[in-house]
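The values are calculated or read from the model by the stated rules, or taken from the named source; none is laboratory data. Everything numeric here is computed off the predicted structure, so don't read it as measured data. We place every Cβ from the backbone using ideal geometry, glycine too, and count neighbours over all the protein chains shown.
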């Protein structure tokens, strides 16, 4: 195939050329005139499975003939290699987790335990890299760290625990070590007995040491060659010379090729074109090459820019989409992919942003277009993966209402038989839990509900599978897995069957089952752990897999990762998510070695990934038709365009003599067209905003009874009274009751009520110590939140001295009595079918039979002005006292009505009884109620709220936001 050569054979294909297609063309051209079996003697070594599949597809498309032997760089298959079996990656990871866990147990100050699995992962990656790059631990220990921070000793402690894995004479090697062994044996075979058949390494940049060694050797074989993807034939020799230092040039797209040329002692012009296939746009390749030059670039732009071809021609097939948001970007991409599908055009979205690819997939779904996504879905995000993670959490803590209902509602729960009944019971149980405010469902609560609702059998299944105490202490990984899977299968089967097959059904279920089976096979190497560590480990292992969609994807629409830009084969490439931090991605922080230490040790620098990404970009942007897309905002924060897009735009703006600004505007205009289509799709249908409601229901349907606490709402937000008492709509309580102001008020009221009862029985109990003891007892009984217990106890402690002293003064004026604590009252209005009801916290009577009304407030008490016009609770209670409305209370006059404020600043706030006597209050109240019994009176929404930002439970029903408080209320007479 090749003529004898004294120099290594290095070939290249320019960016934008369909690499697999051109590779096959070059092979066939070089074998023209030879017998058909000559192709079968060719050994092709490529870098990815997708490259191998694409090459196979090209050969299968014809003409008929033999295939070359195609293997992967990571899976050398020469029959002369003698290689041991590699240790399963999962086993090695479990061993590392166990080693790191033991180390953290012995030295807790090394790192927080929450970082256990991240540390094990990064340590595994470091170990793999050290083995591939042939950097033994001794070299790491020998680094000069005199100017480094003190964390180095901690990092070295972790590195030392993996030292034994570098001894290849013991145990099975890791995949990285096995790859190094395979390359070393291959090099030895080639040196001792060079193969006479063609050996071609194609598509690799040689970024890893083992790969680079193999490439260097293959290029020197008698019939060996290397074909480089995306080789920049337009870059001058002076620029190639700048790429000699990895500390400054690693992030350039051609840096790896420059290092390869230096190692092979070749000059850039000695790299020959592999095939005569021209790139789609030579002018665009020159533009991109100049834009991506290593810094400083300004002088090169000034001297070489005017020599570029006309840029409007070079960028004629280039579109720039600058969307306002990632959602808009995704929709514009989906629209273009839909157009490609309709036109029969092969199109691919290339992006490292998995969120963007998922958004595009979701947008395409509305047109029943399923793209061929090379990345698939992580198993932990699939239904069985989420289900198993929820089940693993049950071992870690007491069962919460949220955890129970999350699993009961899961589509894989109770799939054996009777699922419709299960869903109905789940709904009823949820309503009961919300209504009663049950944060932690207990057997007593669930059994009581089950007996009342005749669901005892279903409740027994819940008690057996869900309501179990958390697992305390350590268990082996095998025991955890057994308990976990048995519990998950019991939940999946349900209360009426033992059939759990649905859990492992479908493609996702089978993929997750395979991961579980793999973990079960290696569980003996996992050691012991507690429930939380097991849950973290299980979730982390699930995240390493991949679930491909088994449905037949669209034949022309694909989603690729950035490295797959080398595979090409698409008429249209959309490079999405071109923002800094996304493409290129920010290098992951290294907890072990800093940048200089990596360089000194011979490991890869963080910029390596940026350099590889820039090469992928240069390769992809040279395709026949290309879209460059980015969002200018992400989560309402401004984004920074990718450095490559930024350079391209700046270069074009500075070349008016080459039509640069006009070409850039044309690129943006083409993108704006699709963004306009996306905005039209997203534009909501025109709808007139709702009016501020003031419904007028029939008088017969209006409330005939309100409590004293609701009168404030009737004054401020009548619509809320209408929604609650006329429409009978009630807010749904939260599933997980939060320790909010309402709960605190209920508990404090309970404390004060019990405290008064005790003091009435025994006046000696009027002490701070007794108040605090009672507080601790009631809070421990009623509050399931440990943090809130301490916080609320401390709040009561701050006001305890004041409360005891002020209570002594209150009792000096009038004595409390058990029958007058939480006393109920009802006051009918004369001549009307209406009654005011209420429950007073406390009414004391003095020696003359006069009343003292007190109400406890854990928040801010309303001032006198607010009580006078809006918050009339105490004033109305005083009027009810004088109207003999309270049961068994004979008082005729109220001396004092006061709020006892128990908040941050304790105190007493009196009601303005002197300004508004009880008789006046009652008359005003009767007038208010009569007004709302007038047929034409409406219940206006948010009539007089205290603050504009105050929230009502019924704002959404009133469609507040479509109108504001300045809008005129529109009455609607209802029948």
(request) Kindly establish whether residue 275 is modelled with pLDDT of 90 or more, not assigned by TED's automatic domain parsing to the domain that holds residue 664 and not in a helix (DSSP H, G or I). (result) yes
(request) Please state which one of 27, 44, 23 is surrounded by 15 or more Cβ atoms within 10 Å (Cβ to Cβ) and closer than 22 Å to residue 620 by Cβ. (result) 23
(message) Going through 482, 502 one at a time, which residue ends up being free of Cβ contacts under 8 Å to residues at least 40 places away in the same chain and part of a helix (DSSP H, G or I)?
(response) 482
(request) Test residue 290 against the stated conditions and say whether it is buried (at least 19 other Cβ atoms within 10 Å of the Cβ) and either modelled with pLDDT of 90 or more or not in a helix (DSSP H, G or I) (or both). (result) yes
(message) Pull out all pairs, ordered by first then second residue, where Cβ-Cβ is under 6 Å, the residues are six or more apart or on different chains, the first lies in the range 48-70 and is under 14 Å from residue 203 (Cβ atoms) and assigned by TED's automatic domain parsing to the domain that holds residue 25, and the second is at pLDDT below 85 and not in a loop (DSSP other than H, G, I, E, B).
(response) 50/564
(request) Scan 688, 762, 769 and give me the residue that is free of Cβ contacts under 8 Å to residues at least 12 places away in the same chain, exposed (fewer than 15 other Cβ atoms within 10 Å of the Cβ) and under 44 Å from the mean Cα position of the chain (by Cα). (result) 688
(message) So residue 706 ticks every box in (1) closer than 30 Å to residue 886 by Cα; (2) in contact with a helix residue (DSSP H, G or I) (Cβ under 6 Å, 6 or more places away or on another chain); (3) not in a helix (DSSP H, G or I) but one. Which box is left unticked?
(response) (2)
(request) Could you pull out the residue among 420, 413, 476 that is surrounded by 14 or more Cβ atoms within 10 Å (Cβ to Cβ), in the same structural domain as residue 513 (by TED's automatic domain parsing) and free of Cβ contacts under 8 Å to residues at least 60 places away in the same chain? (result) 476
(message) Considering only residues that are under 19 Å from residue 623 (Cβ atoms) and surrounded by 21 or more Cβ atoms within 10 Å (Cβ to Cβ), which ones fall in the range 330-352?
(response) 332, 333, 336, 337, 340, 347, 348, 349, 350, 351
(request) Go through 357, 392 for me and flag whichever is under 20 Å from residue 674 (Cβ atoms) and within 23 Å of the chain's Cα centre (by Cα). (result) 357
(message) Test of understanding: among 878, 827, 897, 861, which residue is assigned to a loop (DSSP other than H, G, I, E, B) and in contact with a strand residue (DSSP E or B) (Cβ under 6 Å, 6 or more places away or on another chain)?
(response) 861
(request) Give the number of residues within the range 596-608 that are without any contact (Cβ under 8 Å) to a residue 24 or more places away in the chain, under 32 Å from the mean Cα position of the chain (by Cα), more than 14 Å from residue 130 (Cβ to Cβ) and in a helix (DSSP H, G or I). (result) 0
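For every residue, the table says whether it meets (1) under 30 Å from residue 310 (Cα atoms); (2) touching a residue at least 60 places away in the same chain (Cβ under 8 Å); (3) not assigned by TED's automatic domain parsing to the domain that holds residue 329.
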| position | (1), (2), (3) |
| --- | --- |
| 665 | yes, no, no |
| 670 | yes, yes, no |
| 694 | no, yes, yes |
| 698 | no, yes, yes |
| 708 | no, yes, yes |
| 714 | no, yes, yes |
| 723 | no, yes, yes |
| 728 | no, no, yes |
| 737 | no, yes, yes |
(message) Would you confirm, using the coordinates I've provided, whether residue 519 is over 15 Å from residue 410 (Cα atoms), without any contact (Cβ under 8 Å) to a residue 60 or more places away in the chain and surrounded by 16 or more Cβ atoms within 10 Å (Cβ to Cβ)?
(response) no
(request) Would you confirm whether any residue within the range 613-627 is crowded, with 18+ Cβ neighbours inside 10 Å, over 28 Å from the mean Cα position of the chain (by Cα), in contact (Cβ under 8 Å) with a residue 12 or more places away in the chain and closer than 22 Å to residue 126 by Cα? (result) no
(request) Scan the helices (runs of 4 or more DSSP H) fully inside the range 351-439 and keep the ones with 1 or more residues being over 23 Å from residue 454 (Cβ atoms). (result) 354-365, 383-393, 401-408
(message) Filter the range 206-217 down to the residues that are surrounded by 23 or more Cβ atoms within 10 Å (Cβ to Cβ) and at pLDDT 90 or above and list them by number.
(response) 214, 215
(message) Please go through (1) in a helix (DSSP H, G or I); (2) closer than 25 Å to residue 21 by Cα for residue 348 and return the number of the only condition it doesn't satisfy.
(response) (1)
